[in-house]
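Undergrad: Dropping a structure here in structure tokens format, bear with me for questions.
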Amino acid sequence: MKAQIFGLLVTALATPALAGGNHAGGHGEAMAVGEPGKKAKATQTIRVTMKETGDGKMIFTPSTFKVRKDQTIVFAIRNAGELEHEFVLDQEDKITEHKAVMEKFPEMEHDDPNAIRLAAGESGEIIWKFTNGGTFKIACLVPGHYDAGMHGDVTVAGK
Ligand SMILES: [Cu+2]
């Protein structure tokens, strides 16, 4: 239900260029960034910490990732900060759309396989299979957090 509402909001907010565009995937089809993976197929675990810093920034550590196409990764994510944070993995234009929706509707929660929201001190994981080469983003879309530094790049090698 929440996911459906989110989909409608994103559609409503999409710019004409995006709405009329021919971006890979399209509505209801495979995501360019990949698909939920199976833990038994994972070949690497990447530990990621989310936190605020003493000088007012918010960060992912590490914030750059290099993986290979068709690799399944376990992202073991820990919120070591004092605020709630989230880890969203997606292509850059989807992150931008989602960020705009979150700024309008900050209470919105989502329940997507490519995202996890963690309270202070909590840990969780996302198991993801990267099915396309390219550069993708991770981000925290709690309003203000992206602009405080909470984003990073995932480079997927291979075509
Ligand atoms: Cu955050």
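Undergrad: Answer rounded, prolate or oblate for segment 33-157, using the Cα gyration tensor with square roots of eigenvalues a ≥ b ≥ c: rounded when a/c is under 1.5, else prolate when a/b is larger than b/c, else oblate.
TA: In terms of gyration-tensor shape, prolate.
Undergrad: While we're looking at this one, here's another question. For segment 33-157, give me the percentage of DSSP beta bridges that are antiparallel, rounded to the nearest 5 percent. Write down the numbers at each step before the final one.
TA: Values: 26 of 38 bridges.
DSSP beta bridges in segment 33-157 are roughly 70 percent antiparallel.
Undergrad: Could I ask something else about it? Residues in segment 31-46, backbone N under 18 Å from the label point at residue 76 (7 Å along the Cα-to-beta-carbon vector): list them, ranges by number please.
TA: What the label zone holds, given the 18 Å backbone N cut-off, is 37-46.
Undergrad: Relative to the Cα centre, what is the charge dipole magnitude of segment 33-157, using +1 at the beta carbon of each Lys and Arg, -1 at the beta carbon of each Asp and Glu, and rounding to the nearest 20 debye?
TA: 760
Undergrad: Give the residue list of trypsin sites (Lys or Arg not before Pro) in segment 28-113 that are DSSP loop and have at most 14 other beta-carbon atoms within 10 angstrom.
TA: 38, 57
Undergrad: Hey, if you put +1 on the Cβ of every Lys and Arg and -1 on every Asp and Glu Cβ in segment 33-157, which of 102, 79, 48 ends up farthest toward the positive end of that dipole?
TA: Most positive-ward Cα: 48.
Undergrad: With r defined as the distance between the Cβ atoms of residue 38 and residue 64 and R0 fixed at 22 Å, what FRET efficiency is calculated, to the nearest 0.05?
TA: Once rounded, the FRET efficiency stands at 0.30.
Since every read-out is calculated from the coordinates, none of them should be taken as a lab result. Remember, it's a predicted structure, so these values are computed and weren't measured experimentally. Methodologically, a virtual Cβ is constructed for each residue, glycine included, from the backbone with ideal geometry; neighbour enumeration extends over all protein chains shown.
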